[in-house]
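Novice: Submitted below is the structure of interest, expressed as structure tokens.
The values are calculated or read from the model by the stated rules, or taken from the named source; none is laboratory data. Note that this is a predicted model, so its numbers are computed, not measured. Accessible surface areas use protein heavy atoms only, side chains included; no ligands, DNA or RNA. Shrake-Rupley method; radii C 1.70, N 1.55, O 1.52, S 1.80 Å.
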Amino acid sequence: MVGDQSRGYLLELLLAKLHYAAGEGMSESSSGESSGSSSGKADPAHGLQIVGMSATMPNVEAVADWLQTLPKAVDLGGKDPDHIVELCNEVVQEDHSVLIFCSTRKGCESTAKHVSKFLKKFSVNAHGDNSEFVDITSAIDALRRCLAGLDPILEETLPSGVAYHHAGLTVEEREIIETCYHRGFVCVLTATSTLAAGVNLPACRVIFRQPRIGRDFIDGTRYKQMAGRAGRTSIDTKGECTTPLGRAAFGSSLCPEESLIVLDDLSGAREGFVLASDLHLVYLVTPINVEVEPDWELYYERFMEVSALEQSVGYQVGVAEPFLMRMAHGAPIRKSNGLRDSMKRLHGKYANQLGISNNTMLSDEQTLRVCKRFYVALIWSRLVHVSSPFFLFMSIDVCHTIVEAPVGEVCEAFRVAKGMVQALQENAGRFASMVSVFCERIGWHDLEGLVAKFQNSVSFGVSTEIVELTTIPYVKGSRARALNKADLRMPLAIAEASIPEIVKAPFESS
């Protein structure tokens, strides 16, 4: 903050005044004590301490010299945002082993270093006695005698009982590490997917650091191979498999089925997000299973009337125009068949390579769910977005005031009850919060920021231009619109306004 162009000088002045006051207080106190006089009043500056903290400041010594203090570097340590170390500690302390699958070789090495640095010490109970290694030290000596020499990372991690395993190691190095793992000298092993194929290294707990192999998502077969390492025959009664998806589902309170749908929606959005319209974002925060039965004939008409951009959003999320036409004509829902369900399980990339569109991969039941959800998203987009032909508004060029259409007009346009829209609004606000947590737990912080910023807009049914007003306590949709109409568009403007100006804002709006 000191280096900030707009606020830095203010902070510098404040620090200078505090430093001066602290110095004067100390000198006056000292002179008072020496003269034996006392005013009986405690100097607020006496004993003042200035503590500054920064994790990024490059010139700490210069600032410390200016404040006439001593710089001190503190190693906070123990940083474990994914809780990988804690997940390992739970198992290792019970004399069990852990496999951590990483998407890249570099990820294996960095994860091994991280875990070895913070893993708690554990007692080694060697398994088997037909090995040339009696302890981890003899294994390190064996690695040192290899043609490739002792890898510096393994030299750092092996004393802590941690190692990595990938195709970048020589055959001899991998054999030594595998032997140490079987013997119990290594309890935490980070690896790539190559370890899952043909190498018998079971574990009590398997952790997926990322749901990818390189840049590609793990397919079903590879996942079963890797997760199947959890549980050792005749040793463990069960095995545990932990993935980022599991943490995201647990943290967001989504059930497994909903988590898979949200994951599929967000994955598609990350590959092709439509930023030119709010409709795509509104769809992502619309609850999955909505209890809405659209007027399908009206739905088809509205869908054909929207812009090509909004239609492209519908096609991307799985809305099929032929399906809407069939529903508009009263055709029954066709039951899914095994072939269509198996096609749905294909990852999008492989489906595109085969020339299969997303619409053909969805069964009629799935398409019905998507279409109902998209119908609600269309309604919400009219309430929170102002660039739609169904969103009635009036713009004044001088002050750019937006007069939003009443909820009743939107409900009439789509033939839905206002009470149902209000109930959906509450559900959408909660679901947006769940999706935001899901994105945060799975590590997709780009989408997390978009969803979190859009959450209030959906919760209160207001446009993004005035969503900042809803952060004020007790200010919801109607009051936010009234304040916006009175030219009080930001919390700062309200803080600077007089009480009469704020009081008359709702009456002017009505």
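Novice: Sorted from largest down, what three extents in whole angstroms do the Cα atoms of region 255-306 have along their principal axes?
Specialist: Cα spread of region 255-306 along its principal axes, largest to smallest: 33, 28, 12 Å.
Novice: Quote the Stokes-Einstein diffusion coefficient, in whole µm² s⁻¹, for region 96-161, based on the Kirkwood radius over alpha carbon pairs, a temperature of 10 °C and a viscosity of 1.306 mPa s.
Specialist: Using the Kirkwood radius from Cα pairs, D works out to 118 µm²/s.
Novice: Another question, then. What whole-number value in Å² describes the accessible area per residue of region 156-219 for a 1.4 Å probe?
Specialist: Solvent-accessible surface per residue comes out at 35 Å².
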